[in-house]
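The values are calculated or read from the model by the stated rules, or taken from the named source; none is laboratory data. It should be emphasised that the depicted structure is a prediction, and the values quoted were computed from it without experimental measurement. With ideal geometry, Cβ positions are generated from the backbone for all residues, glycine too; neighbour counts draw on all protein chains shown.
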Amino acid sequence: MPTPQNTPDTQEAALARVVSFFEQMQPGDVSLLGDVYCHDAHFKDPFNEVTGVPAIQGIFEHMFKTLHAPRFVITQSIQQGAQCCVTWDFIFEFRNFAGGTPQIIRGASHLVLREDCGTWRVAVHRDYWDAAEELYEKLPGVGAVMRWLKRRANA
């Protein structure tokens, strides 16, 4: 995914590559994360905080192992220089639960780009989403308790 030689890369092109990568990502693409992330990139979401491409690859390998048909749909992107924000829908099915009902987690990512060997890549990736509402409430058993707690807190 790097840009062809003799063609200057831009921050806008980098964001387009990142969006395309995540929207098309399949299990075999996890090994290509170094094409969009700096070698020392920092990644944080509600469950993980890691540094380096191998650690980031581990997160996405785990995603493909534990979920059925996970995919991202980027709904919006905003960019100001190296600072980017993308909103997304993460669509998947739980592998170990009956029903096969597609689930959707809605969230946003703050990305910071950095030029790395002539190519702009992601240096910082921070995901923001509500784990309680978007995930725990959808789990059998746990979901009922979470919904009850939410009703009690709102009363």
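Values as computed for the structure displayed
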quantity: Per-region count, the stretch 14-31, residues more than 20 Å from T87 (Cβ to Cβ) and surrounded by 14 or more Cβ atoms within 10 Å (Cβ to Cβ); calculated: 2
quantity: Of all residues in the stretch 91-111 being of a type in the set (G, A, S) and surrounded by fewer than 14 Cβ atoms within 10 Å (Cβ to Cβ), the one that is modelled with the highest pLDDT; calculated: G100
quantity: All positions within the stretch 45-70 that are surrounded by fewer than 16 Cβ atoms within 10 Å (Cβ to Cβ), on the phi < 0 side of the Ramachandran plot and not β-branched (V, I, T); calculated: P46, F47, N48, E49, P54, A55, G58, E61, H62, M63, K65, H68
quantity: Condition met for L15 (out of contact with any strand residue (DSSP E or B) (no Cβ under 9 Å at 6 or more places or on another chain) and either part of a helix (DSSP H, G or I) or among the polar types (S, T, N, Q) (or both)); calculated: no
